[in-house]
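Chemist: Below you'll find the structure I mean.
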Amino acid sequence: MTGLMQATTIYALSTGAAPTGVAIIRVSGPAVEAIFKSLCGFVPKPRRAALSALHDPETKALIDEALVLYFKGPASFTGEDVAEFHIHGGRAVIAALLETLSHFPNCQMAERGEFSRRGFFNGKLDLMEVEGLADLIAAETDAQRRQALTQMQGAQSQFFETLREKIIHAIAMVDSALDFSDEADVPEEIAGAARPLASDLLSEIERYLDDGNRGEILREGFHVVLAGLPNAGKSRLLNALAARDVAIVSEEAGTTRDMIEVRLDIDGVPVRVTDTAGLRETESLVEKEGIRRSFAQLEISELAIWIIDGTAPQLVPEEVVERCGGKVMTVWNKVDVSPVPMAFVDEIDFKISAETGLGLEALLSAIGARALERVGQGEGAIVTRARHRDLLELAAAQLREFLDGDLSDTELRAEDLRRAAFAIGRLTGKVDVEDVLDKIFLEFCIGK
Ligand SMILES: Nc1nc2c(ncn2[C@@H]2O[C@H](COP(=O)(O)OP(=O)(O)OP(=O)(O)O)[C@@H](O)[C@H]2O)c(=O)[nH]1
Ligand SMILES: [Mg+2]
């Protein structure tokens, strides 16, 4: 596969949608030096910026004046020869250079994530690092940026590599027992010596897994659901939190049916707030479906905010308490027209007016505090995706099999450990991973 890929040279626009002040077109592959010679008339010194006119090799017409950079392989992002053309970011300029590049033999437009994919195959970055890079590009808040950067720099990869080496060490211990297979009890004793090691490894993995999903929640955003009876002011509150008009607000009960989500950045922590359909008995099939979805959202949320309509107050329904347990926060709305009566004072966490903005700041910082407590500032999470969790769980299950298994069957026990090592190896891509590659690299936009 690598051989085939190296035969082609790929190119793509690596910067955002035109027009921009500067646009960067990146090229990777064996034709890079030939391209420099044709377009610039020379090959720039590696890693030295040079100013050059770019000429179409066929018509000799001037395309643009550019800053050109050469990264000679393997000291490049992809591990191959890489060129960067920093051109003026106008649509026609970009189109002209891309068109010119397409005329070079074996030169084609890169697919999504193809630069990173080549980097992976050439050993420039492992899968955890690739995912970290994808997350860094997607990061919207500071905590997300920090988490992604740590992963891209290989912090988790190192943990997993050490873990895998220790498992391999345990495998070697069990395998060596096979040499004594004709002597009574000796193999069992030798293989048994690997048990404390496996048990330590299991505890370590369990520690990584038992993190309240903070890394994954930080990637996706801490999920807050606004729920309440119709007309409580959920949509008004969503608009106030988003500081723009995202949801329809109306005095008609049953306005909202579809989930509406806004993403907030509260002191660097990403928070997703979902507005839902008001919960009530209804004959409308559409509204019923909306309510079913409201409950589903409430259940998967990290924080459920129950909004009480101050002008027609009712306590949190039993069903909501049962389904959401300790994650319900009760908010009295419309305090501008209905102050909280004594009977409700102890029942509510916050009083606000979504209309006038009263109390919103306190509510927002309480949401932020909950989110921060749950996900942290983007430091220290080992597991940041379901993929990591699944593989670690698989490895843990295999270690348990080993610990619970019959030691006299040495070959089977070695196989348990081998499977555990394989699962860990798949995290960084040390072992055969074809099936996950497409999924990971397709997350990228073109030019990454
Ligand atoms: N006075 C006052 N009115 C409010 C306040 N918040 C919302 N309202 C009004 O209450 C009515 C209902 O508001 P919505 O935000 O549409 O209520 P909802 O909870 O989204 O309702 P559904 O989508 O039908 O479930 C509208 O007429 C709002 O203007 C508030 O803090 N004070
Ligand atoms: Mg609504």
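Chemist: Can you pull out the residues in region 314-352 that are assigned to a loop (DSSP other than H, G, I, E, B) and either farther than 20 Å from residue 256 by Cβ or not assigned by TED's automatic domain parsing to the domain that holds residue 238 (or both)?
Modeler: Matches in region 314-352: 315, 335, 336, 337, 338, 339, 340, 341, 346, 347, 348, 349.
Chemist: Could you count how many residues in region 250-277 are within 30 Å of residue 216 (Cβ to Cβ) and either at pLDDT below 80 or among the small types (Gly, Ala, Ser) (or both)?
Modeler: Going through region 250-277 one residue at a time, the tally reaches 3.
Chemist: Then there's this: Quickly run through region 359-388 and pick out the residues that are of a type in the set (A, V, I, L, M, F, W, C) and surrounded by fewer than 14 Cβ atoms within 10 Å (Cβ to Cβ).
Modeler: Once the filter is applied, which keeps residues that are of a type in the set (A, V, I, L, M, F, W, C) and surrounded by fewer than 14 Cβ atoms within 10 Å (Cβ to Cβ), region 359-388 yields 362, 369, 386.
Chemist: Moving on. Within region 272-295, is even one residue closer than 20 Å to residue 329 by Cβ and of a type in the set (Asp, Glu)?
Modeler: Yes; the residues of region 272-295 include at least one that is closer than 20 Å to residue 329 by Cβ and of a type in the set (Asp, Glu).
Chemist: Can you say whether residue 306 is in a strand (DSSP E or B) and farther than 18 Å from residue 222 by Cβ, as far as the supplied structure shows?
Modeler: Against the criterion (in a strand (DSSP E or B) and farther than 18 Å from residue 222 by Cβ), residue 306 does not qualify.
Chemist: Follow-up. Can you find a residue in region 151-160 that is assigned to a helix (DSSP H, G or I) and either over 27 Å from the mean Cα position of the chain (by Cα) or more than 30 Å from residue 267 (Cβ to Cβ) (or both)?
Modeler: Checking region 151-160: at least one residue is assigned to a helix (DSSP H, G or I) and either over 27 Å from the mean Cα position of the chain (by Cα) or more than 30 Å from residue 267 (Cβ to Cβ) (or both).
Chemist: Right, something else. Give the residue that is surrounded by the fewest Cβ atoms within 10 Å (Cβ to Cβ), with candidates limited to residues of region 229-239 that are of a type outside the set (D, E, K, R) and within 6 Å of ligand 1 (Cβ to nearest atom).
Modeler: Top of the filtered list is 230.
Chemist: Please tell me if residue 78 is touching a Pro at 6+ places or on another chain (Cβ under 7 Å), closer than 17 Å to residue 122 by Cβ and not aromatic (Phe, Trp, Tyr).
Modeler: So residue 78 fails the test.
Chemist: State the number of residues belonging to region 254-286 that are within 13 Å of ligand 1 (Cβ to nearest atom), surrounded by fewer than 19 Cβ atoms within 10 Å (Cβ to Cβ) and among the aliphatic types (A, V, I, L, M).
Modeler: Result for region 254-286: 2.
Chemist: Given the condition on the phi < 0 side of the Ramachandran plot and within 30 Å of the chain's Cα centre (by Cα), answer yes or no: does some residue in region 336-355 qualify?
Modeler: Within region 336-355 (the criterion being on the phi < 0 side of the Ramachandran plot and within 30 Å of the chain's Cα centre (by Cα)), the answer is no, since none of the residues qualifies.
Chemist: Related question: Yes or no: region 210-223 includes at least one residue that is farther than 27 Å from residue 380 by Cα, surrounded by fewer than 17 Cβ atoms within 10 Å (Cβ to Cβ) and modelled with pLDDT of 90 or more.
Modeler: No, the conditions are met nowhere in region 210-223.
Chemist: Still on this structure, I have one more. Within region 165-172, can one find any residue that is touching a residue at least 40 places away in the same chain (Cβ under 8 Å), assigned by TED's automatic domain parsing to the domain that holds residue 251 and part of a helix (DSSP H, G or I)?
Modeler: Checked against the condition, which is being touching a residue at least 40 places away in the same chain (Cβ under 8 Å), assigned by TED's automatic domain parsing to the domain that holds residue 251 and part of a helix (DSSP H, G or I), region 165-172 yields no hits at all.
Chemist: Does region 22-29 include one or more residues that are surrounded by fewer than 21 Cβ atoms within 10 Å (Cβ to Cβ) and in contact with a helix residue (DSSP H, G or I) (Cβ under 9 Å, 6 or more places away or on another chain)?
Modeler: Within region 22-29 (the criterion being surrounded by fewer than 21 Cβ atoms within 10 Å (Cβ to Cβ) and in contact with a helix residue (DSSP H, G or I) (Cβ under 9 Å, 6 or more places away or on another chain)), the answer is no, since none of the residues qualifies.
Chemist: Do we find that residue 301 is hydroxyl-bearing (Ser, Thr, Tyr) and more than 14 Å from ligand 1 (Cβ to nearest atom) in this structure?
Modeler: Considered against the rule, which asks whether it is hydroxyl-bearing (Ser, Thr, Tyr) and more than 14 Å from ligand 1 (Cβ to nearest atom), residue 301 comes out as yes.
For (1) of a type in the set (A, V, I, L, M); (2) in contact (Cβ under 8 Å) with a residue 24 or more places away in the chain; (3) crowded, with 19+ Cβ neighbours inside 10 Å; (4) over 15 Å from residue 13 (Cα atoms), each residue gets a yes or a no:
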site: 62; (1), (2), (3), (4): yes, no, no, yes
site: 90; (1), (2), (3), (4): no, yes, no, no
site: 106; (1), (2), (3), (4): no, yes, no, yes
site: 124; (1), (2), (3), (4): no, yes, yes, yes
site: 134; (1), (2), (3), (4): yes, yes, yes, yes
site: 147; (1), (2), (3), (4): no, yes, yes, yes
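Chemist: Of (1) assigned by TED's automatic domain parsing to the domain that holds residue 408; (2) under 24 Å from residue 117 (Cα atoms), residue 220 satisfies all except one. Which?
Modeler: Residue 220 satisfies every listed condition except (1).
Chemist: Looking only at residues in region 330-357 that are aliphatic (A, V, I, L, M) and out of contact with any Lys or Arg (no Cβ under 8 Å at 6 or more places or on another chain), which one is farthest from ligand 2 (Cβ to nearest atom)?
Modeler: Only one residue tops the list, namely 342.
Chemist: Given the residues 391, 412, which is the only one that is assigned to a helix (DSSP H, G or I), surrounded by 19 or more Cβ atoms within 10 Å (Cβ to Cβ), of a type in the set (A, V, I, L, M) and free of Cβ contacts under 8 Å to residues at least 40 places away in the same chain?
Modeler: Residue meeting the stated conditions: 391.
Chemist: Looking at 197, 264, 202, which is the one that is in contact with a strand residue (DSSP E or B) (Cβ under 7 Å, 6 or more places away or on another chain) and of a type in the set (A, V, I, L, M, F, W, C)?
Modeler: Just one listed residue meets the conditions, 264.
Chemist: For region 240-249, check the following and say yes or no: at least one residue is of a type in the set (A, V, I, L, M, F, W, C), more than 16 Å from ligand 1 (Cβ to nearest atom) and out of contact with any Cys (no Cβ under 6 Å at 6 or more places or on another chain).
Modeler: No.
The values are calculated or read from the model by the stated rules, or taken from the named source; none is laboratory data. Since the structure is predicted, the reported quantities are computational estimates derived from the model, not experimental observations. For neighbour counting, all protein chains shown are included, and Cβ atoms are generated from backbone atoms with ideal geometry for every residue, glycine included.
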